[in-house]
Amino acid sequence: MRRLIAALLLGCATALASAEQPWVEEIPAAALDADTVRFVQANAEFTLLHEMGHLLIHELGLPVLGREEDAADQLGFMGLFLLYRRQHEPDFAARLLDIADYWRLEWQRAKPPHEEVREWDSHALDAQRFYNLACLAYGSDPRQLEWIIQATGLPEQRAFYCDQEYQQVLHAVSWLKRHYQRQPGQPAGAQISVVYDEPSPALADGAELLAKVRSSGELEAVAAKAGEAFVLPRPLLLRLTNCGEPDAWYNQQSGELTLCYERLVHLRQLAAQLPRLRQPLHPAKDDP
């Protein structure tokens, strides 16, 4: 999955940035550094897992208390722990911070009116999603991740309960797995197919690389893992396509999960703000 995202990023971002797309902001010319690639990979993976959360909620009839978008965030976050079991990798904590910081950057980004999340929306406000994910990240291992409080500005009043919040989410997801995961010997259900739409002319420079990504079968492996873990009631589709905007969604009527190529470019643009974002929260003042 990581190689998939890195390949798409390197092959498509520059070409898309030069296209006539209304949502594209200028991308700095500097080469991609390790922090940028990790940020894009982590958030592209989280986007996919979030939408997979919607898919499972609707296809398996999972019970949801509260807003579905909050539940999908929690399922996506926990997928990083339970699905891939990467918490022992050296950069895992940094990836958790990357996912929270995506929403801090969205919160701080000046948006046109049609992109603003309103108080009545089914999605939480960007600031709320930032603090919710920062809290889950810290709460997953308070002893080792205490630095996340300083890095995110998470208030003590919230941080004090974050370990309990994480345990609640872990308990809920573990319950879902026990009750809905495919059991040994249980017949397999339907599968998730993967479709790559032809790149737009703006993606022509990345077409050859995209073909290599398709031949690697990594995205198909992610879809197969979901199909093996749960008994899906109908065939579903995961589509990578050109959308004209940096988006991703799950359509419960058609059973199709869409991941837009343009979202990778948007993540690359936001990553350019990381050095500013991660300066000390309260830099020392110069002596008078």
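Just so it is clear, none of the values below were taken in a lab; they were calculated from the coordinates. In this text, all values refer to a predicted model and were calculated from it rather than measured experimentally. Here Cβ is always computed from backbone atoms with ideal geometry, including for glycine, and neighbour counts include all displayed protein chains.
Structural remarks
- Given their separation in residues at 0.36 nm each and the Cα-Cα distance between them, ASP91 and HIS171 gain 26.3 nm when the chain is fully extended.
- Ascending count of other beta-carbon atoms within 10 Å, so fewest first, for ASP197, ASP35: ASP197, ASP35
- Other-chain or far-sequence residues with amide H under 5 Å of ALA190's (modelled H): LEU232, ARG234
- Gyration tensor (alpha-carbon) shape descriptor, the range 67-148, a/c threshold 1.5: prolate
- Cβ-derived FRET efficiency at R0 41 Å, GLU156 paired with ALA221, nearest 0.05: 0.45
- ASP247-ARG276 pseudo-label distance in nm [points 7 Å out on the Cα-to-Cβ vector]: 2.7
- The Cα trace of the range 150-269 gives Rg and Dmax of 19.0, 51 Å, the first to one decimal, the second as a whole number.
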